[in-house]
């Protein structure tokens with residue numbers, strides 16, 4: 001680990017944040033102390049933010065800072081969002097550095113939350129703190145909305161969004177985590193692009209359950225509860241939902257066409273102009289490309305049985321769906337039942353939210369994001385796309401007209417794979433550019 005006097009302050013502060021294991025899915029085991037300590041740490045690290053902005057607590061885990069602007073803008077404030085909870089760590093995984101040590105080494109900060117989402121959170125606070133030190137006041141009101149349970153479906157963000165809506169506060173622009181500055185955004189598109197989520201897929205958790213005759217495993221019937229569930233899961237393959245290209249992906253393809261030459265440019269223009277063709281090609285590519293154009297079904301948990309030689313009387317499987325734009329929770333559940341085609345398999349929707357509407361790219365809000373990128377990441381274009389994961393911003397998009405999902409950090413393919421995985425890390429230089437992005441965004445706010 002580098003000596004602390006050689007470490008940029010932003011890296012040291014992020015390291016201290018990572019050392020607090022704010023794992024929202026493990027509240028029963030860890031308690032709320034890490035979350036309380038995190039809030040206390042923010043007050044220590046960012047005294048100007050806490051002196052100049054008003055802070056409201058919403059639920060036990062929601063923080064809403066209000067920064068009053070120079071004027072009252074009739075078209076609403078800016079809302080910058082992030083979350084400070086993180087996902088659990090599988091103790092059997094082999095991390096290079098302990099996940100909650102916040103190790104600083106080789107120009108990077110390592111640990112759970114470095115990218116999701118304490119890194120994006122800290123660059124917001126660094127920008128606001130430094131602007132306050134310069135005596136700056138934004139042109140319009142700014143809210144900082146930080147949730148402590150985004151990874152467990154975001155009741156804090158729900159409460160914050162509801163409070164603003166009840167007060168008649170309709171944000172002019174909402175910016176949350178999501179896309180990033182990436183290399184080669186598509187396999188045949190070289191160069192860097194800032195991928196900005198203009199729409200967000202819905203999310204749904206479904207439990208499949210079946211009952212059957214229990215008994216001794218030495219004489220199993222033709223179809224046990226476990227076999228029914230296994231057959232149901234097998235019927236929900238990649239082709240369960242029809243592929244179709246949302247407008248955001250067509251816009252993405254058209255814009256990326258401008259950054260390449262030769263046959264690749266012609267291909268991108270063709271795909272952008274012919275959504276049925278792009279849907280078929282992206283579906284065939286699989287992985288992230290396929291997820292852009294269809295609802296995905298991922299079996300994530302299964303249970304059934306109490307002993308190796310006993311037939312279980314019941315079995316279940318849990319599915320995680322990411323619902324494509326154009327579908328709904330209701331239509332997705334109906335599709336699952338049709339594909340499973342077994343009345344003895346119960347399909348129960350445990351929780352779900354519909355996809356977001358798409359935000360525009362030909363407006364002042366998107367232009368402001370592109371302008372700020374020109375300061376922090378010169379020459380990197382702002383490119384719209386569909387966010388495949390769920391964010392807290394989905395609780396704003398039903399009453400706010402311009403909601404975008406973008407963390408102004410460079411992320412390699414390996415770094416993106418480490419989110420929710422092993423060896424999560426962020427480069428210190430990326431954090432410093434992220435702070436510059438938010439400074440530029442706030443300074444250019446009209």
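The values are calculated or read from the model by the stated rules, or taken from the named source; none is laboratory data. Nothing here was measured: the structure is a model prediction, and the numbers come from that model. Every residue, glycine as well, gets a Cβ built from its backbone with ideal geometry; the counts of neighbours run over all protein chains shown.
Can you tell me which residue in segment 313-333 is modelled with the lowest pLDDT, limited to those that are surrounded by fewer than 21 Cβ atoms within 10 Å (Cβ to Cβ) and over 26 Å from the mean Cα position of the chain (by Cα)?
Within segment 313-333, the match that is modelled with the lowest pLDDT is 313.
Here's a check for you: in segment 93-119, which residue that is at positive phi and buried (at least 24 other Cβ atoms within 10 Å of the Cβ) is farthest from the chain's Cα centre (by Cα)? If you could, list the steps in order and put the result at the bottom.
First, the residues of segment 93-119 that are at positive phi: 102, 106-107, 111, 113.
Remaining after also requiring buried (at least 24 other Cβ atoms within 10 Å of the Cβ): 102, 111, 113.
Details: 102: 22, 111: 18, 113: 12 Å.
Applying the filter and picking the extreme gives 102.
Among the candidates 373, 409, single out the residue that is part of a helix (DSSP H, G or I) and either within 14 Å of the chain's Cα centre (by Cα) or buried (at least 18 other Cβ atoms within 10 Å of the Cβ) (or both). Reasoning before the result, please.
Working: 409 fails: part of a helix (DSSP H, G or I).
Just a single option satisfies the conditions, and that option is 373.
One residue is enough: does segment 85-92 have a residue meeting the conditions surrounded by fewer than 24 Cβ atoms within 10 Å (Cβ to Cβ) and touching a helix residue (DSSP H, G or I) at 6+ places or on another chain (Cβ under 8 Å)?
For segment 85-92, residues surrounded by fewer than 24 Cβ atoms within 10 Å (Cβ to Cβ) and touching a helix residue (DSSP H, G or I) at 6+ places or on another chain (Cβ under 8 Å): present.
What do you reckon, is residue 442 in contact with a helix residue (DSSP H, G or I) (Cβ under 7 Å, 6 or more places away or on another chain) and within 18 Å of residue 178 (Cβ to Cβ)? Outline the logic, then answer.
Numbers: in contact with a helix residue (DSSP H, G or I) (Cβ under 7 Å, 6 or more places away or on another chain): yes; within 18 Å of residue 178 (Cβ to Cβ): no.
So residue 442 fails the test.
What tally of residues in segment 126-141 results from selecting those that are buried (at least 24 other Cβ atoms within 10 Å of the Cβ) and touching a strand residue (DSSP E or B) at 6+ places or on another chain (Cβ under 8 Å)?
First pass over segment 126-141, keeping only residues buried (at least 24 other Cβ atoms within 10 Å of the Cβ): 126, 128.
From what is left, the residues that are touching a strand residue (DSSP E or B) at 6+ places or on another chain (Cβ under 8 Å) are 128.
Of the residues in segment 126-141, 1 are buried (at least 24 other Cβ atoms within 10 Å of the Cβ) and touching a strand residue (DSSP E or B) at 6+ places or on another chain (Cβ under 8 Å).
Taking interchain pairs and intrachain pairs at least six residues apart, which have beta carbon atoms under 6 angstrom, with the first residue in segment 320-332 and in the same structural domain as residue 387 (by TED's automatic domain parsing) and within 12 Å of residue 386 (Cα to Cα) and the second surrounded by fewer than 23 Cβ atoms within 10 Å (Cβ to Cβ) and modelled with pLDDT under 95?
Listed by first residue and then by second, the contacts come to nothing, as the list is empty.
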